[in-house]
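Colleague: This is the structure I want to talk about, given as structure tokens.
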Amino acid sequence: MTSTPTTQADPAPIIACTISRDVQNFDLLIEDMETILGEAWGDLGFDEALAFMSQPEASSLEFVAMAIDAIDEGEVSQLAGIIKGARTHGIKVILIAEDVTPASLHQLLRSGADEFVPYPLPEGELAAAVERLRAPEPVPVPASTASAPAKVKLSGGGDGVLIAVQGLSGGCGATTLAVNLAYELTSVGGDKPPKVCLIDLGLQFGSVATYLDLPRREAVFETLSDIESMDGESLAQALVSFEDKLQVFTSPADILPLDLIGPSEVSKLLDIARDHFDYVVVDMPGTLVQWTETVLTEAQIYIALVELDMRSAQNTLRLKRMLQSEDLPFDKIRFALNRSPKFTDLQGKSRVKRMADSLGISLDLQLPDGGRAVMQACDHGLPLAAHAAKNPLRKEIVKLAQQLNAIGADDAEAA
């Protein structure tokens, strides 16, 4: 009887690697890598990463996931060299960072990392990043048949009015107000409509792009990462046009730290935008950050949106205490009440007066409840003017836009 020797199958090629000081410090990364790749991944230290990428065994690598934390910040130059080396060998890089300063994060992203995911890893974010890396590159369309939207053309030399909108409680409608106010401002100039730019500074969960059904351009992240060298041309590349009359600077495609940009960067972004537009409307994040003071100081009009509830009252009081303790211009804020009571609701009107008196604020701007049509317009990616032109909320926003335009015209004549 003869026996046939068994042959052992070759192990599956390694298609990805983690690169870290100690991968055991990133247990969620290990779990996600095993879920996505099974056993087709390996682990490298910082000192051996570049040498391995030069070996034949690395030819099958699709990507590397570099995981770093605050301890690794002293080795930023080495880490940047690894990222550049991976790019040289055609290997894509996912940067995973925990407690890393914006300056270090900025340097590493500028070195060529393709994706950024914060640690602890949000559910499904690593898998989504891998899917984006694996997506085929778009096929170039010949210039003769291309139907890409025209690049936004900007002309400088202006001094636009800066209007900021911030909600003081979740779901109070700040983004809805910012989007529709910016859209209505494009129609208030008569024969010569003003140039309007809408900027979404909600770097993590900004939804202006969703409310107008616009794509989030990669140029937004590139602009935010290098505002020092920003000019009108780079701003134009990051803008998306809505109906050829409203220019929008959307939030980035990925979640970014709110401190990725600082006061000086925000100031420069707003200065360049005001130089090219008559009105700049900023949708602020719900969280107060270092550069909130910058926007508050530079804005001609700062609208804080509240509702007739305890959350808004408490948050308004806390905001008032904080600004006054820092000698910041609390009186500059114009408070607006959303979903205000109808004029026939006398009890509701009385509650509004008591709330304003107890907080020491004025609620002259009161916006009615637009009902389901408001959420439907947002879900369809349309301003109220296109979805429900006769909506009572839309009518009040039109009045507000006309008032702001009149104020801007008076200021221009005075100047």
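The values are calculated or read from the model by the stated rules, or taken from the named source; none is laboratory data. Treat the numbers as computed from the prediction; the structure is a model and nothing was measured. Every residue, glycine among them, receives a Cβ derived from its backbone with ideal geometry; neighbour counts consider all protein chains shown. The protein model used for the area step is the full one, side chains on, heavy atoms only, and it has no ligands, DNA or RNA in it. Shrake-Rupley method; radii C 1.70, N 1.55, O 1.52, S 1.80 Å.
Colleague: Considering only the stretch 179-188, state which residues are touching a helix residue (DSSP H, G or I) at 6+ places or on another chain (Cβ under 7 Å), buried (at least 22 other Cβ atoms within 10 Å of the Cβ) and not aromatic (Phe, Trp, Tyr).
Modeller: Scanning the stretch 179-188 gives Val179, Asn180, Leu181, Glu184, Leu185.
Colleague: Ok, one more. Output the qualifying pairs, or none if there are none: Cβ atoms under 9 angstrom, residues six or more apart or on different chains, first residue in the stretch 315-335 and in contact (Cβ under 8 Å) with a residue 40 or more places away in the chain and more than 16 Å from Ser358 (Cα to Cα), second residue open to solvent by less than 50 Å² (accessible area, probe 1.4 Å) and outside any helix (DSSP H, G or I).
Modeller: Taking only residues 6 or more apart or on different chains, not a single pair turns up.
Colleague: Give me the pairs, please: first residue somewhere in the stretch 167-189 and within 11 Å of Gly286 (Cα to Cα), second residue anywhere and part of a helix (DSSP H, G or I), beta-carbon distance under 6 Å, and either six or more positions apart or on two chains.
Modeller: That search, which allows pairs on different chains as well, returns Gly167/Ala174; Leu168/Ser312; Leu168/Asn315; Leu168/Thr316; Ser169/Arg311; Ser169/Ser312; Ser169/Asn315.
Colleague: Taking only the stretch 260-285 into account, find how many residues are among the acidic types (Asp, Glu) and touching a Ser or Thr at 6+ places or on another chain (Cβ under 8 Å).
Modeller: 1
Colleague: Please find, among Asp213, Asp231, Asp191, Asp159, the residue that is of a type outside the set (Gly, Ala, Ser), open to solvent by 20 Å² or more (accessible area, probe 1.4 Å) and touching a His at 6+ places or on another chain (Cβ under 9 Å).
Modeller: Asp213 is the lone residue from the list that is of a type outside the set (Gly, Ala, Ser), open to solvent by 20 Å² or more (accessible area, probe 1.4 Å) and touching a His at 6+ places or on another chain (Cβ under 9 Å).
Colleague: Go through Glu75, Glu57 for me and flag whichever is open to solvent by 60 Å² or more (accessible area, probe 1.4 Å), farther than 22 Å from Asp259 by Cβ and either of a type in the set (S, T, N, Q) or out of contact with any helix residue (DSSP H, G or I) (no Cβ under 6 Å at 6 or more places or on another chain) (or both).
Modeller: Result: Glu57 is the single residue among Glu75, Glu57 that is open to solvent by 60 Å² or more (accessible area, probe 1.4 Å), farther than 22 Å from Asp259 by Cβ and either of a type in the set (S, T, N, Q) or out of contact with any helix residue (DSSP H, G or I) (no Cβ under 6 Å at 6 or more places or on another chain) (or both).
Colleague: Among the residues of the stretch 309-320, is there at least one that is of a type in the set (A, V, I, L, M), open to solvent by less than 30 Å² (accessible area, probe 1.4 Å), under 29 Å from Pro383 (Cβ atoms) and modelled with pLDDT of 90 or more?
Modeller: For the stretch 309-320, residues of a type in the set (A, V, I, L, M), open to solvent by less than 30 Å² (accessible area, probe 1.4 Å), under 29 Å from Pro383 (Cβ atoms) and modelled with pLDDT of 90 or more: present.
Colleague: Same structure again: Residue check: is Arg372 closer than 30 Å to Asp159 by Cβ and either free of Cβ contacts under 8 Å to residues at least 40 places away in the same chain or loosely packed, with under 11 Cβ neighbours inside 10 Å (or both)?
Modeller: no
Colleague: Yes or no: the stretch 336-343 includes at least one residue that is open to solvent by 50 Å² or more (accessible area, probe 1.4 Å), in a strand (DSSP E or B) and in contact (Cβ under 8 Å) with a residue 60 or more places away in the chain.
Modeller: For the stretch 336-343, residues open to solvent by 50 Å² or more (accessible area, probe 1.4 Å), in a strand (DSSP E or B) and in contact (Cβ under 8 Å) with a residue 60 or more places away in the chain: present.
Colleague: Which pairs turn up if I take residues in the stretch 18-30 that are under 11 Å from Asp72 (Cβ atoms) and assigned to a strand (DSSP E or B) and look for partners that are open to solvent by less than 10 Å² (accessible area, probe 1.4 Å) and among the β-branched types (Val, Ile, Thr) with beta carbon separation below 6 Å, at least 6 apart in sequence or on another chain?
Modeller: What qualifies is Ile19/Val64.
Colleague: I'd like the residue in the stretch 394-404 that is touching a residue at least 60 places away in the same chain (Cβ under 8 Å) and open to solvent by 10 Å² or more (accessible area, probe 1.4 Å) and, out of all such residues, is farthest from Pro341 (Cα to Cα).
Modeller: Gln402
Colleague: Residues of the stretch 285-308 being within 20 Å of the chain's Cα centre (by Cα), of a type in the set (A, V, I, L, M, F, W, C) and open to solvent by 10 Å² or more (accessible area, probe 1.4 Å), which ones?
Modeller: Leu288, Val289 - these are the residues of the stretch 285-308 that are within 20 Å of the chain's Cα centre (by Cα), of a type in the set (A, V, I, L, M, F, W, C) and open to solvent by 10 Å² or more (accessible area, probe 1.4 Å).
Colleague: Still on this structure, please answer the following. Return the residues of the stretch 345-369 that are open to solvent by less than 100 Å² (accessible area, probe 1.4 Å) and over 23 Å from Tyr302 (Cβ atoms); say none if nothing qualifies.
Modeller: Within the stretch 345-369, Asp345, Gly348, Lys349, Ser350, Asp369 meet the criteria.
Colleague: Give the residue that is farthest from Gly124 (Cα to Cα), with candidates limited to residues of the stretch 24-41 that are β-branched (Val, Ile, Thr) and open to solvent by less than 70 Å² (accessible area, probe 1.4 Å).
Modeller: Ile30
Colleague: Please determine whether any residue of the stretch 42-54 is under 19 Å from Lys92 (Cβ atoms), open to solvent by less than 50 Å² (accessible area, probe 1.4 Å), polar (S, T, N, Q) and more than 29 Å from the chain's Cα centre (by Cα).
Modeller: Scanning the stretch 42-54 turns up no residue that is under 19 Å from Lys92 (Cβ atoms), open to solvent by less than 50 Å² (accessible area, probe 1.4 Å), polar (S, T, N, Q) and more than 29 Å from the chain's Cα centre (by Cα).
Colleague: Kindly establish whether Ser325 is touching a Leu at 6+ places or on another chain (Cβ under 9 Å) and among the polar types (S, T, N, Q).
Modeller: no
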